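Next up is a structure, given as structure tokens.
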Amino acid sequence: MRIAVFHPGAMGSKLAKQLVTAGHEVYWVPEGRSEASRQRAEDAGLIGTPFAQAVEQAEVVLCSCAPQGAVDVAKQVGSAGFSGLYVEANPLSPMSLREAQSAVPDATFVDAGVVGPPPIGGPSPTHLMLSGTAADQVAALWAGTAVTPMVVGTEPGAASAAKSSYALYNKGKAALAVLAFQLAEKHGVTEALVAQQTRADAGSLKDPTLPDQLRSVAWRWGPEFDELAKTLDNAGLEGDAARALREVWTKLT
């Protein structure tokens, strides 16, 4: 199939590369993108084309970008009259997801969420959560690749909820680890904290360089926690917990 990807970031480029591996024609729009994006697109085997042509040619649009840009991408694609399969693969709250869906009224909307690292091999699998009436059709796009699709519901929202639930746990504990290291450093007891790595529940406390490692993703994880807070609010749960952890990423940027 002909697929347009907006935009080939660290995750989107790897998802797109797997689509190329599966035999699909995958397009992207170089205009206004960074040199790093251009290199990722080249490495993935993507075909550069103007926006209007990419949308016109595509049977499927995959939106995989930072969450703060997802609704704008949907509006741009919807304004171009796209009527194929629209795969929204960003960590969005129910409100943002509805806004994205309403922006592409002529398309068949599929909610998606990536759990795990980019699909480049290794012990941890890349799961692509999918929900919507065409979820099975979208799952088939990645057949035989390093991406493992998981259809989790027939209505948009289920995939985002599955992704958000895991992200809250996985990235939430990372935020707590950053705070733990910062607190230990303030009191000069970092070595004592790291010494606890032998405990079975030590997890991320094994590496005192973790805060510096996470600076490169803080700009993206912060907005994701904004969406997580809204998602928790919508479920009648403690959105303020995610808002507090969001400040960890704010201070790392």
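Just checking, how many residues over segment 85-128 are in contact (Cβ under 8 Å) with a residue 60 or more places away in the chain and either in the same structural domain as L232 (by TED's automatic domain parsing) or among the hydrophobic types (A, V, I, L, M, F, W, C) (or both)?
Number satisfying all stated conditions: 7.
Inside segment 152-253, counting only helices (runs of 4 or more DSSP H) that do not spill past its ends, which hold 3 or more residues that are modelled with pLDDT of 95 or more and under 18 Å from the mean Cα position of the chain (by Cα)?
The qualifying helices (runs of 4 or more DSSP H) are 158-186, 215-234, 239-252.
Hey, another quick one. Can you find even one residue in segment 92-106 that is in a loop (DSSP other than H, G, I, E, B), in contact with a strand residue (DSSP E or B) (Cβ under 7 Å, 6 or more places away or on another chain) and surrounded by fewer than 24 Cβ atoms within 10 Å (Cβ to Cβ)?
no
May I pose another question? Considering only residues that are surrounded by fewer than 24 Cβ atoms within 10 Å (Cβ to Cβ) and touching a Pro at 6+ places or on another chain (Cβ under 6 Å), look in segment 110-130 and name the one that is modelled with the lowest pLDDT.
The extreme case among them is S124.
May I pose another question? Against the definition (outside the structural domain of K14 (by TED's automatic domain parsing), closer than 30 Å to Q101 by Cα, surrounded by 14 or more Cβ atoms within 10 Å (Cβ to Cβ) and of a type in the set (V, I, T)), how does V217 come out, yes or no?
When the stated conditions are applied, V217 passes them.
What's the number of the only condition in (1) assigned by TED's automatic domain parsing to the domain that holds L130; (2) buried (at least 16 other Cβ atoms within 10 Å of the Cβ) that A177 fails to meet?
Going through the list (1) assigned by TED's automatic domain parsing to the domain that holds L130; (2) buried (at least 16 other Cβ atoms within 10 Å of the Cβ), A177 breaks only (1).
Then there's this: State which residue pairs qualify: first residue in the same structural domain as P118 (by TED's automatic domain parsing) and inside segment 129-142, second residue assigned to a loop (DSSP other than H, G, I, E, B) and buried (at least 24 other Cβ atoms within 10 Å of the Cβ) in any location, beta carbons under 8 Å apart, and separation of 6 or more residues or different chains.
If the second residue must be assigned to a loop (DSSP other than H, G, I, E, B) and buried (at least 24 other Cβ atoms within 10 Å of the Cβ), the pairs left are V138/G132.
Looking at segment 51-71 only, could you name the residues that are of a type outside the set (G, A, S) and either closer than 11 Å to F82 by Cβ or at pLDDT 95 or above (or both)?
Matches in segment 51-71: F51, Q53, V55, E56, Q57, E59, V60, V61, L62, C63, V71.
The values are calculated or read from the model by the stated rules, or taken from the named source; none is laboratory data. Remember, predicted model here, so these are calculated numbers, not experimental data. So basically every Cβ, Gly included, is an ideal-geometry build from the backbone, and we count neighbours across all protein chains shown.
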